[in-house]
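As structure tokens, the structure follows; a few thoughts come after it.
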2 protein chains.
Amino acid sequence: MADMKETIKSVSIDLFFKKGYFATSISDIAKGSGIQKASIYYHYASKEDLLFHILKSTMDDLTTCLKKSLEAVEGIEQRMRAAVQSHVRFHLERQKENFIANSELRGITAEHYRTIVKKRDAYEVIFQDLIRVGAEEGIFADVDVKILSYAILTLCTAGATWYKSNGRLTVAQIADIYENFIISGLKQGSLS
Amino acid sequence: MADMKETIKSVSIDLFFKKGYFATSISDIAKGSGIQKASIYYHYASKEDLLFHILKSTMDDLTTCLKKSLEAVEGIEQRMRAAVQSHVRFHLERQKENFIANSELRGITAEHYRTIVKKRDAYEVIFQDLIRVGAEEGIFADVDVKILSYAILTLCTAGATWYKSNGRLTVAQIADIYENFIISGLKQGSLS
DNA sequence: GAAAATTTACCGACCGGTCGTTAGGTAAAG
DNA sequence: CTTTACCTAACGACCGGTCGGTAAATTTTC
């Protein structure tokens, strides 16, 4: 058996995804992990600590994944395409964690909240810079950078709410559709 | 003072939006409404019943709003533009209810869940028909209808998660940005 | 149109159950 | 003999929900 700390985390991700953080009890997690609920507290300080661990590692991996995807890719359009691909793929492949990261932020303390939001903001800035530079170079249309970045990110993020891993389309196919949709939107065609 | 049933509903919307359904207690709602918690049960059968009322009326109003917006609008592109405008405006103007409708579906019973999902599906079909016909007419690119409808809807819906009513941009400005972004995306670089 | 009956809209007190968390102990491993 | 990784048992707080009751408003009856 894998080490218990990871098992607890994995079971928690499943349950938080299925029922939500507040609707999931420590007893549920213990039962799913095959131990007594008091034993959870040997590995995690509190229920909130457990949630924070999930959110934090998800955000860290998300950013790492994006930076790796952008390495050695040149040209704003290609970089944006790579960024979208990375974002979509990560959200679909690690659907549960990302869903939690986007819906259970209210479950953590104010201090932990700030930590997570800071990581999220840093991630968003990478996209905003791409949009801004793309607009400056005349590749993308000159529209509000913040709104567009929110649009792009939430669009892909939302995939984690409806995606089904055994569904009609593969992750790669969805990523391609989103990539083209977003690039077209960024170029804003002719502008009327 | 307005009638108490509406006050309770309104207070609940505020609290469910701010803290979430499961993190909000009947006592919280009672306190916010200025009555005792037992009195809540004179107006609503249960906490779940209260949530269901909010979800149901939101979905009904959303659909009514869309249908009214499409009346007498002709041409697929113009109809899609009108649909996006309606969708975005409704979600930003009634932000809290829509946020709840998109995040607290796990709080209702299986039967009530089916009722809401049925309403949501009917709403989505309106968009899917627009995309399909648009593709048939050669106005929109020929890409997966379902995925694109999800993309369009979740994109606007997500606005309800970050929009701030006293923010930099007005609802009308955001709606215009989204409208152009989506139409460009639907045309998929046919102009490039 | 006054008296009686009913309904409306609330209250305070309380219920069984579950919550997250802790204290204290134990058996095995290093 | 200390540390690791768990256990049983229990804690107080709070949960959604119910109870019997009541003052005021409304409707019905004579």
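The values are calculated or read from the model by the stated rules, or taken from the named source; none is laboratory data. Bear in mind that the values here come from a model prediction, so they are computed numbers and not experimental data. We place every Cβ from the backbone using ideal geometry, glycine too, and count neighbours over all the protein chains shown. Areas reflect the complete protein model, heavy atoms only, side chains present, ligands, DNA and RNA absent. Shrake-Rupley method; radii C 1.70, N 1.55, O 1.52, S 1.80 Å.
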Filter the range A:138-192 down to the residues that are hydroxyl-bearing (Ser, Thr, Tyr), in a loop (DSSP other than H, G, I, E, B) and closer than 27 Å to B:TYR163 by Cβ, then identify the one that is modelled with the lowest pLDDT. A:SER192
Against the definition (farther than 30 Å from A:LEU15 by Cα and within 12 Å of chain B (Cβ to nearest Cβ)), how does A:ILE152 come out, yes or no? no
Looking at B:ILE174, B:ILE126, can you tell me which residue is under 22 Å from B:GLU97 (Cα atoms) and at the interface with chain A (Cβ under 8 Å from one of its Cβ atoms)? B:ILE174
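Yes or no, residue by residue, for (1) part of a loop (DSSP other than H, G, I, E, B); (2) of a type in the set (Phe, Trp, Tyr); (3) out of contact with any Cys (no Cβ under 7 Å at 6 or more places or on another chain):
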| site | (1), (2), (3) |
| --- | --- |
| B:MET80 | no, no, yes |
| B:ALA83 | no, no, yes |
| B:HIS87 | no, no, no |
| B:LYS96 | no, no, yes |
| B:TYR113 | no, yes, yes |
| B:LYS118 | no, no, yes |
| B:TYR123 | no, yes, yes |
| B:VAL133 | no, no, yes |
The lone exception for A:ALA158 - which of (1) open to solvent by 50 Å² or more (accessible area, probe 1.4 Å); (2) within 7 Å of chain B (Cβ to nearest Cβ) it fails: (1)
Failed item, numbered, when A:ASP49 is tested on (1) part of a helix (DSSP H, G or I); (2) within 30 Å of A:LYS187 (Cβ to Cβ): (2)
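Within the range B:62-71, identify whether any single residue is open to solvent by 50 Å² or more (accessible area, probe 1.4 Å) and closer than 22 Å to A:ARG168 by Cα, and answer yes or no. Walk me through it before giving the result.
Taking the range B:62-71 as the starting set, the residues that turn out to be open to solvent by 50 Å² or more (accessible area, probe 1.4 Å) are B:64, B:67-68, B:71.
Remaining after also requiring closer than 22 Å to A:ARG168 by Cα: none.
For the range B:62-71, residues open to solvent by 50 Å² or more (accessible area, probe 1.4 Å) and closer than 22 Å to A:ARG168 by Cα: absent.
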For the range B:76-123, which positions are closer than 17 Å to B:ILE54 by Cβ, within 15 Å of the chain's Cα centre (by Cα) and among the polar types (S, T, N, Q)? B:GLN95, B:ASN98, B:ASN102, B:SER103
In the range B:31-46, how many residues are more than 9 Å from DNA strand D (Cβ to nearest atom) and either touching a strand residue (DSSP E or B) at 6+ places or on another chain (Cβ under 9 Å) or part of a loop (DSSP other than H, G, I, E, B) (or both)? 2
Return yes or no: is A:THR109 in contact (Cβ under 8 Å) with a residue 24 or more places away in the chain and either more than 9 Å from every other protein chain (Cβ to nearest Cβ) or in contact with a Pro (Cβ under 6 Å, 6 or more places away or on another chain) (or both)? yes
With B:GLY167, B:GLY138, B:GLY134 as the choices, which residue is within 13 Å of B:ALA83 (Cβ to Cβ), more than 17 Å from the chain's Cα centre (by Cα) and in the same structural domain as B:SER86 (by TED's automatic domain parsing)? B:GLY134
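If a residue must be open to solvent by less than 40 Å² (accessible area, probe 1.4 Å) and within 16 Å of DNA strand D (Cβ to nearest atom), how many such residues does the range A:13-30 contain? Steps first, answer last, please.
The first filter runs over the range A:13-30 and keeps only residues open to solvent by less than 40 Å² (accessible area, probe 1.4 Å), leaving A:13, A:15-16, A:20-21, A:23-24, A:26, A:29-30.
Of the ones still in play, those that are also within 16 Å of DNA strand D (Cβ to nearest atom) are A:20-21, A:23-24, A:26, A:29-30.
The total comes to 7.
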Would you mind stating whether A:THR64 is more than 16 Å from DNA strand D (Cβ to nearest atom) and either assigned to a helix (DSSP H, G or I) or at pLDDT below 95 (or both)? yes
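Counting just the residues of the range A:50-61 that are more than 14 Å from the chain's Cα centre (by Cα) and more than 16 Å from DNA strand D (Cβ to nearest atom), which one comes out farthest from A:TRP162 (Cα to Cα)?
Keep residues of the range A:50-61 that are more than 14 Å from the chain's Cα centre (by Cα), which gives A:50-53.
Next, only the ones that are more than 16 Å from DNA strand D (Cβ to nearest atom) stay: A:51-52.
Details: A:LEU51: 22, A:PHE52: 24 Å.
Among them, the one singled out is A:PHE52.
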Would you confirm, using the coordinates I've provided, whether A:VAL143 is β-branched (Val, Ile, Thr) and more than 9 Å from every other protein chain (Cβ to nearest Cβ)? no
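Somewhere in the range A:36-49, is a residue within 20 Å of the chain's Cα centre (by Cα) and either surrounded by fewer than 20 Cβ atoms within 10 Å (Cβ to Cβ) or farther than 26 Å from A:TYR178 by Cβ (or both)? Talk me through it step by step, then tell me what you get.
Filtering the range A:36-49 for residues within 20 Å of the chain's Cα centre (by Cα) gives A:48-49.
Filter once more, so that each one left must be either surrounded by fewer than 20 Cβ atoms within 10 Å (Cβ to Cβ) or farther than 26 Å from A:TYR178 by Cβ (or both): A:48-49.
Yes; the residues of the range A:36-49 include at least one that is within 20 Å of the chain's Cα centre (by Cα) and either surrounded by fewer than 20 Cβ atoms within 10 Å (Cβ to Cβ) or farther than 26 Å from A:TYR178 by Cβ (or both).
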Selection count, the range A:1-30, where residues are assigned to a helix (DSSP H, G or I) and away from DNA strand C (no atom under 13 Å from the Cβ): 11
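Just checking, does the range B:128-146 include any residue being on the phi > 0 side of the Ramachandran plot, free of Cβ contacts under 8 Å to residues at least 24 places away in the same chain and loosely packed, with under 14 Cβ neighbours inside 10 Å?
Going through the range B:128-146, the residues on the phi > 0 side of the Ramachandran plot turn out to be B:138.
Remaining after also requiring free of Cβ contacts under 8 Å to residues at least 24 places away in the same chain: B:138.
Filter once more, so that each one left must be loosely packed, with under 14 Cβ neighbours inside 10 Å: B:138.
Taking every residue of the range B:128-146 in turn, at least one turns out to be on the phi > 0 side of the Ramachandran plot, free of Cβ contacts under 8 Å to residues at least 24 places away in the same chain and loosely packed, with under 14 Cβ neighbours inside 10 Å.
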Tally of residues being within 14 Å of chain B (Cβ to nearest Cβ) and near DNA strand C (Cβ under 8 Å from one of its atoms) across the range A:36-60: 2
Go through (1) farther than 25 Å from B:THR115 by Cβ; (2) of a type outside the set (D, E, K, R); (3) open to solvent by 50 Å² or more (accessible area, probe 1.4 Å); (4) within 16 Å of DNA strand C (Cβ to nearest atom) one by one and return the number of the condition B:SER33 breaks. (3)
